[in-house]
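Quick notes on the structure that follows.
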Amino acid sequence: MFSHVVIFFTDPKNPKATDDLIAGCEKFLRPIPGVLTFHVGRMVPSHRPVVDQSYQVALNLVFPDKKSQDDYQVHPMHVEFVETVFKKVCVKVIVYDFA
């Protein structure tokens, strides 16, 4: 198993950024082959100080192996997502990959 976790920080000047980002993930990323588990959603507020609440959207993908994730990264739909959605609504991203 290979996990790919993406933490998105949306543009605070764009009130639709979070909704547009989630819709873009659903449209462009969910259909890409090779993904075993796809979950995108908004940050959930917490009273616990250990919970990071500085981001707006997280994406959690699970692949069968690293090669599947590598193929996903260059898939035309992923490239289109980066160019047409991500670059328009995000100011920062952090990625955590682990196997």
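What to note about this one:
- Difference of contour (0.36 nm per residue) and Cα-Cα distance, residue 66 to residue 87: 5.1 nm
- Vicinal HN-Hα couplings computed from phi for the range 69-78 (Karplus, 6.51 cos²θ - 1.76 cosθ + 1.60; Hz; Gly/Pro x): 5, 4, 5, 4, 4, 9, 4, x, 6, 5
- Largest to smallest principal axis extent of the C-alpha atoms in the chain, angstrom: 36, 31, 17
- For residue 10, nonlocal amide neighbours, meaning residues 5 or more places apart or on other chains whose placed amide H falls under 5 Å from its own, are 56, 57, 91.
- Reducing the range 3-37 and the range 47-61 to their Cα centroids gives an inter-centroid distance of 14 Å.
- Under the Karplus curve 6.51 cos²θ - 1.76 cosθ + 1.60, θ = phi - 60°, whole-Hz ³J(HN,Hα) for the range 39-44, x wherever Gly or Pro sits: 8, 10, x, 7, 4, 9
- Working note: Karplus 6.51/-1.76/1.60 with θ = phi - 60° gives the range 15-32 the couplings x, 9, 4, 5, 5, 5, 5, 5, 4, x, 4, 4, 6, 9, 9, 4, x, 5 Hz, where Gly and Pro are set to x.
Every number in this text was worked out from the coordinates using simple rules, so none of it is lab data. Since the structure is predicted, the reported quantities are computational estimates derived from the model, not experimental observations.
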